[in-house]
Structures are given as C-alpha cells and as structure tokens.
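Each value in this text was obtained by applying a stated rule to the coordinates, not by laboratory testing. Predicted, not measured: the structure shown is a model, and the values here were computed from it. Counting neighbours? That spans all protein chains shown, and the Cβs are built from the backbone with ideal geometry, glycine included.
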Amino acid sequence: MSAGYEDRFDPKIAAAFVAANEKMAGLPGFLGVHFDELGPGRLVATMEARDELLTPFGTLHGGVLAGLVDHVLGCVLYPLMARGQWAATTEFKLNYLAPVRGGSLRAESRVLSLGRRTAVVQVDVTQSDRLACVALGTLLISDPPAKDDVRPA
C-alpha cells in the first residue's frame with residue numbers, strides 16, 4: 001500500500017538508513033531493532049522480546065515498547081525530509097492492548113501527515129497476528145542551523 005510520499009522519497013537515504021540501523025548503538029542497538037522495509041512513508045521493523053527485557057511478571061516492559069515506537073516514529077521520516085533536517089518526537093500516545101511474553105515483534109510505522117515543520121505518524125506493534133500496542137505521535141522537523149547562526153565556542 002502506497003503512503004502517497006513517493007515524490008519526496010529518497011531511496012539512497014533509505015538504503016543508508018537501513019544499513020546504519022544494523023550497526024546502531026544506544027537503545028535501538030540494545031533492543032535489537034532491525035529494519036525490514038523502508039519505503040515512501042512506511043517503515044517495518046522487527047525485534048525479539050528477549051528474556052532480559054521482560055518484567056518479573058514475565059511480560060515485556062512497557063518502556064521497551066515505548067523505545068521501539070519512538071525509534072520507528074522518527075526513522076520513517078528521514079528518507080522524506082531534505083538533507084540536513086532532523087525529526088524530534090514532541091509527543092506520542094501509546095495504547096497497550098495485549099501483553100507480550102517473549103517472541104518476535106513487528107512494528108509498522110506509517111506517516112499520516114507531513115508538513116513543513118511537523119509530522120504525524122502512527123505505529124502498530126504486532127506479535128503474530130495480535131495487536132500488542134498502537135501509537136500516534138507528533139514530530140517536529142528542524143532545519144540545520146544557518147552558517148551565520150552558529151556561535152563560537
């Protein structure tokens with residue numbers, strides 16, 4: 001299904017982003033998030049709900065799902081933005097719908113709206129065919145500082 005952003009999509013940036021994600025450090029690297037598809041306005045990522053990510057009650061910690069969601073919320077935008085721009089999550093709402101007790105998760109991120117300064121993105125996280133959580137987020141799109149805006153250290 002096309003998201004309607006083909007005219008803004010840069011396949012070279014998408015390919016570079018997918019390659020870079022496989023070597024990502026920080027929280028996405030720790031969580032083991034892998035990008036499976038990155039197209040115009042759509043990103044599919046997967047991760048394993050490993051034992052060390054589970055609560056003492058045997059379910060995936062909600063913060064792990066929030067970290068996965070936050071990562072794919074922004075990453076879906078980079079092949080659609082101008083070079084040098086970046087996206088910052090300003091808010092997202094996450095509805096936990098079913099407990100995750102291990103196994104593989106699939107997060108599908110879709111751009112619902114993309115303007116000059118803001119974007120709205122939806123993320124559905126599933127395990128098998130069961131919806132585990134749904135999120136809706138708003139992101140701020142920022143331009144790099146102009147050369148004359150850079151202050152000396």
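See the values below:
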| read-out | value |
| --- | --- |
| Thr59 vs. criteria more than 15 Å from the chain's Cα centre (by Cα) and either surrounded by 12 or more Cβ atoms within 10 Å (Cβ to Cβ) or at negative phi (or both) | yes |
| Where Gly67 falls short, out of the listed (1) under 27 Å from Phe9 (Cα atoms); (2) of a type outside the set (Lys, Arg); (3) touching a strand residue (DSSP E or B) at 6+ places or on another chain (Cβ under 9 Å); (4) surrounded by 14 or more Cβ atoms within 10 Å (Cβ to Cβ) | (3) |
| Subset of the stretch 42-76 (residues that are part of a helix (DSSP H, G or I) and of a type in the set (D, E, K, R)) | Asp51, Glu52, Asp70 |
| Boolean, Glu108 is surrounded by 12 or more Cβ atoms within 10 Å (Cβ to Cβ), charged (D, E, K, R) and either in contact with a strand residue (DSSP E or B) (Cβ under 7 Å, 6 or more places away or on another chain) or on the phi < 0 side of the Ramachandran plot (or both) | yes |
| Filter pass, Pro11 being without any contact (Cβ under 8 Å) to a residue 60 or more places away in the chain and not acidic (Asp, Glu) | no |
| Scan of the stretch 1-31 for residues that are surrounded by 15 or more Cβ atoms within 10 Å (Cβ to Cβ) and over 18 Å from Val121 (Cβ atoms), ordered by number | Met24, Leu31 |
| Residues within the stretch 9-41 that are part of a loop (DSSP other than H, G, I, E, B), over 21 Å from Arg83 (Cα atoms) and of a type in the set (Gly, Ala, Ser), tallied | 2 |
| Any hit, the stretch 93-100, residues being touching a Cys at 6+ places or on another chain (Cβ under 7 Å) and either buried (at least 16 other Cβ atoms within 10 Å of the Cβ) or acidic (Asp, Glu) (or both) | yes |
